[in-house]
1. Kindly establish whether B:ARG92 is within 14 Å of another protein chain (Cβ to nearest Cβ), touching a helix residue (DSSP H, G or I) at 6+ places or on another chain (Cβ under 9 Å), without any contact (Cβ under 8 Å) to a residue 12 or more places away in the chain and under 30 Å from A:PHE55 (Cα atoms).
2. Is it true that B:ILE158 is surrounded by 18 or more Cβ atoms within 10 Å (Cβ to Cβ) and outside any helix (DSSP H, G or I)?
3. Identify all residues within region B:1-23 that are facing chain A (nearest Cβ under 7 Å), within 18 Å of A:ARG117 (Cβ to Cβ) and crowded, with 16+ Cβ neighbours inside 10 Å; write none if there are none.
4. Is there any pair with a first residue in region B:222-251 that is under 26 Å from B:THR53 (Cβ atoms) and a second that is loosely packed, with under 15 Cβ neighbours inside 10 Å and hydroxyl-bearing (Ser, Thr, Tyr) whose Cβ atoms are under 7 Å apart and which are 6 or more apart or on different chains, and what are they?
5. Tell me, which residue of region A:44-63 that is closer than 19 Å to B:ALA95 by Cβ and polar (S, T, N, Q) is farthest from the other protein chains (Cβ to nearest Cβ)?
6. Could you check region A:18-83 for strands (runs of 3 or more DSSP E) lying wholly inside it with 3 or more residues that are within 24 Å of A:LEU286 (Cβ to Cβ)?
7. Condition first: modelled with pLDDT of 90 or more and in a helix (DSSP H, G or I). Now tell me which residues in region A:213-230 satisfy that.
8. Mind checking which helices (runs of 4 or more DSSP H) fall wholly inside region B:198-281 and carry at least 2 residues that are over 30 Å from B:ASP137 (Cα atoms) and within 14 Å of another protein chain (Cβ to nearest Cβ)?
Amino acid sequence: MTGDVAIEVEGLRMRYGTNDVLHDLSFQVGRGEVLALLGPNGAGKTSTIEILEGFRMRSAGRVDVLGVDPAHGGEDWRARIGVVLQSWRDHAKWRVRELLDFQGSLYEPYSTAGIRRPWEVDELLAAVGLTEHADTSVKMLSGGQRRRLDVAIGLVGRPELVFLDEPTTGLDPKARRDFHALVRRLRDELDITVLITTHDLDEADKLADRIVILTGGRIVANGTADDLSRQIVGRDRVSWAQQGERSVRHVDDSTAFARELFARHGDEISELEVRRASLEDTYLELVRNAEAPMAEPAEASR
Amino acid sequence: MSAAMTAVRSGARRGVIELRQAFTGMELVGQLLWPVATLVAVFFLRDLPIGDTGYGLGMIILPGALGMFVALGLLLVVQQLAADREDGTLLRAKATPGGIRAYLVGKIVQISATILAYLAILLVPGVFLVDGLDLADPVSWVTFAWVLVLGLVATQTIGAMLGSLISTPRGAGYLSLPVLGLIAISGIFAPITGLPEWLQVVAQLVPIYWLGLGMRAAFLPDEAVVVEIGESWRLLETAAVLGAWSIAGLILAPIVLRRMARRESGSRVAERRERALQRVG
């Protein structure tokens, strides 16, 4: 089992004071899989990823990352993991190559027969598209370039597992698209496990093999994007006009509803329009429900 | 090579890179400011007599100022630790195997070298400004060397502890006020024997006084000892006090640092970033 599983989480709980942030999370990430932890802000994504990175202590549950409990992970465990941090302005005065050289040098003692560490810097610079900026100082990089440098730093030790926490927050659309292309290329070319957190469904859909949706510290869905749209039955939106007056209704079975509508009102119905629930509608509905658990179900679905 | 050795070697390289950054471009102006200001003070005070000892104040200040700049290593450590925590440098170190060790080695190398540069900036022109310093005697340099080493260890380990406890650059800024106060009563710019007795006691609890005294013991002619407490250079006491601070620092600093580093995480850096942006905006 441990051979094909990179991350295993069972009954994970996190509590700050009297406030429960994570309720009994259980999920797995297979080796070589890209998993997105998707959820709105405050859902507990960052707490979860920081526990897995070994930066935060959990309150209860079992966590296993590359066969080690991150709470007790030593430096040799650390060497097998890449963490892509949300950067701000650290190492601003360093040149790009200088910083990668330095970071990489720390991985040298952790080379194994199978994995030569660190990644050769010129090769890595080419892989993330920063070759021409090798001698630029970090503070002169654009937001997108800086983020690619963050990825390079996360990868320089040739990790078996990479954590990306909200990697595209604050990027403009083009930088975002470039970044997505980079992650997809890494996924295809390297045999690497990736855990990414995001609040953006589109991003999760584009990058991940599998999506775990987290809201209010609970997992509400877990599967591929297709699974999710099938599993969680979204409500279809049906709109029509009856004698000039427009109505909208969200229903589970739009076909049956339309049949009923015509049976009852016949020719009075015009301009019928049925829109299937998209994955996005489903996600938004899940999030809305989780955020307002007290609201009437009928209200919530409107 | 073992992982620990690699971390030390990479850390030393890190220190050299940071040192180069600290002494290039506009940074250089900031680095030169205080040593040059001190030299200006030495120049104008060089002929001001101290009582009827026959010595000029400048001659007394110059070696004492060497001690003061060693003590300033404390502030450098505190400021850089606070900045490196806020901008995520330390978290980056934590996410890398051996990264924290390399980071600390780099800090020690860079700050020690920065201080040596300050001392050279002071001493090289300084010997042309004041007469009577005892520079030819090898014993002077032996005393200088051990006072320097103990001083660097004592002040940087204390700095590392304070830096771990103070979480923001702003807090680090406030710390320079009490340090300036301690410098004022440290006997570096005026003989300590002119101060009320209780202030003399306070001053003698802190390494700054002893660093100044040790440097004066190294470079002043023996007869100048008349301006000191008990008319003695008190080398043994100097070694004992600086040694005690060093040992305490070497034991406690790693514990405090480790505790601080353990608490670093992406969300803590993000929190501080939010706060800092609010300050700016």
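1. Spelling it out, B:ARG92 is indeed within 14 Å of another protein chain (Cβ to nearest Cβ), touching a helix residue (DSSP H, G or I) at 6+ places or on another chain (Cβ under 9 Å), without any contact (Cβ under 8 Å) to a residue 12 or more places away in the chain and under 30 Å from A:PHE55 (Cα atoms).
2. When the stated conditions are applied, B:ILE158 does not pass them.
3. B:ALA3, B:THR6, B:ALA7, B:SER10, B:ARG13
4. B:VAL225/B:SER232; B:VAL226/B:THR53; B:VAL227/B:THR53
5. Initially, region A:44-63 is screened for residues closer than 19 Å to B:ALA95 by Cβ, giving A:45-58, A:63.
Subsequent filtering for residues that are polar (S, T, N, Q) retains A:46-48.
On the way: A:THR46: 5, A:SER47: 8, A:THR48: 11 Å.
Applying the filter and picking the extreme gives A:THR48.
6. Output list reads A:19-30, A:34-38.
7. none
8. B:235-262, B:266-280
The values are calculated or read from the model by the stated rules, or taken from the named source; none is laboratory data. Small disclaimer: the values here were computed from a predicted structure and weren't measured. Methodologically, a virtual Cβ is constructed for each residue, glycine included, from the backbone with ideal geometry; neighbour enumeration extends over all protein chains shown.
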